[in-house]
Every structure is written in structure tokens, then in C-alpha cells.
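To start, the structure itself, in C-alpha cells.
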Amino acid sequence: MLSTPQISPYPARLAANLAALRLRIAAAARAAGRSADGITLLAVSKGHPVEALRAALALGLADFGENYVDEALPKITALGAGGGARWHFIGRVQANKTWHIAAHFDFVHGVDRLRIAERLSAQRGHYQPPLDVCVQVNVAGEAAKGGVAPQECLALLQAMAALPRLRLRGLMCMLPFEAPPAEQALGFGELRRLLEDARSVGLPLDTLSMGMSGDLEAAVAQGSTLLRIGTALFGARAVDSRL
Ligand SMILES: *Cc1c(COP(=O)(O)O)cnc(C)c1O
């Protein structure tokens, strides 16, 4: 078969990056004595064009993470509803954007206030399945970062459990960029303990959304079930929109 010239660098580069990433995840899982099957790979596509997402879909990736509503909506439209992609909102949720998020996304990872959760529940369409959500926890106590304080996490989860149009899935955190390994283990370990506490009082949570390109090994070691990976898959972003 003749191969057509590749106009875009994405397909070839992405396939190689994905293969290397899968090896990294498999090695991390093996080191932690667990199976990589229980780990979802969320392709963080912020800062990359639709062609990159099409290439990822063709390689079997179906979960995409975006941080900005204005950047995400054209991509969601371009790939089309029913195109097989699942859309995760991983940025900070602003109250004036909840309507778009509730209407166009499948999963929201950064909920850290009851008011935001209430809006998402009220605005989720009744023709849609419930919106999957994680509560973001500020495990590192960084003033500039979103996330509920660890000691307030359980109360927020319990209040959110009563909201009819949300499906509570678990917890999410983001550690400081280039935190040393000991700090990564502490931060991710704390999120795991918070999830266990919530499960022990009867909340049916199944998701630990933790681990990015630079710290996925530590996250897998602490039980991550969902890795949010941008750079290691798609390469550097044109403008680093990392929060
Ligand atoms: C950008 C971003 C990621 C991906 O970061 P990489 O280091 O590029 O893998 C993951 N999670 C959140 C919340 C992000 O904003």
C-alpha cells in the first residue's frame, strides 16, 4: 500500500510518544505490584490543535482533557458528538462557565466549592447522563492553586452526594511543578487516604485523578486510577497554559 505524505507531524510523533508512555505506565504499575489495566489515560489536549486530537482518537485514545471552555468548545464541535471522544474539564471552574461545562463535558475534575457543584447539577440537561465529577483537593496547601483543603474534603463530598445530576467519582489533585519525589509520595498518598476515608463512610468513589507527565510514577505507586498526560503525549504546548 502506498503511504500518503504526512502533512501533520502529529500522527507519527504521537504514536511513538504513546508507545513510550505505555511502557512508562506499565513499568510504574509493575513496580507498584498492580495492573496497568486499572489506569485510564486521559490525553490532555489543551494547547494542541484538532488534528492532534484526531490522531489520538485514531490511536485508540478516547478521553481528552481541556482547561479552558473557549478553547475546548470548537474542538468538541469539530470532533462531533458521538464521535467516540469523552471530554474532561480539568481547569478551574468559573461560575459563569458552568452552563457550557454542564452541557458539553462528560467529566469535571476540578470541583472545589459546593456552589459550583450545585450549578453544574442544576444545569446538566435531563436528556444527558449524570455528569461525572471529582473534587479537587489542595494537598500541597498552595495559596495560588484551586482545591478544597484536605480537612474540608469529606464535608464537601457529602454535600455533593445529594445533588441529583452529578455522579461523584472521586478525588483529583495537582502537585507543585517539579516537586521532589518525597513530596510527590506524600501528596499523592494523602489524596489516596482521603479517598479511603470517604469510601469508609459509604461514598462509592472509584477514581483517583492524579499524575501528570512529570510525576506519573509516584501517582501510580500511590494508587492513581486516572493519569492526566499532556506533554509526554503531544509534546510541548505552544503557549504553556498549565495552571
Ligand atoms: C495541563 C494539565 C495537565 C497535563 O500536564 P502535563 O505536565 O503536560 O502532562 C494535567 N492536569 C491538569 C489539571 C493540567 O492543567
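For this structure, a couple of remarks:
- Ala20-Ala58 pseudo-label distance in nm [points 7 Å out on the Cα-to-Cβ vector]: 2.1
- When you filter the GluC sites (Glu not before Pro) in the stretch 131-226 for DSSP loop state and at most 14 other Cβ atoms inside 10 Å of their Cβ, you are left with Glu142, Glu178.
- Counting only the Cα atoms, the chain fills a convex hull of 133 Å³ per residue.
- Mean Cβ neighbour count within 10 Å, used as a protection proxy, ranking 145-151, 158-164, 134-140 highest first: 134-140, 145-151, 158-164
- Accessible surface calculations at 1.4 Å, restricted to protein heavy atoms, place the stretch 2-143 at 47 Å² per residue.
- Kirkwood Rh, angstrom, the stretch 21-96 [1 / mean 1/r, Cα pairs]: 13.8
- Sum of -39500 (n - 2.57) over DSSP H runs of 4+, divided by residues of the chain (222 nm, nearest 500): -12000 deg cm²/dmol
- Straight-line cross-link partners of Lys75 among the lysines, defined as a Cα under 19 Å from its Cα and at least 8 positions apart when in the same chain: Lys46, Lys97.
The values are calculated or read from the model by the stated rules, or taken from the named source; none is laboratory data. Computed from a prediction, not measured in an experiment: that's the story for all the values here. Here the Cβ is made from the backbone with ideal geometry for all residues, glycine too, and neighbour counts use every protein chain on show. Each accessible area value is taken on the protein alone, full model and side chains, heavy atoms only, with ligands, DNA and RNA left out. Shrake-Rupley method; radii C 1.70, N 1.55, O 1.52, S 1.80 Å.
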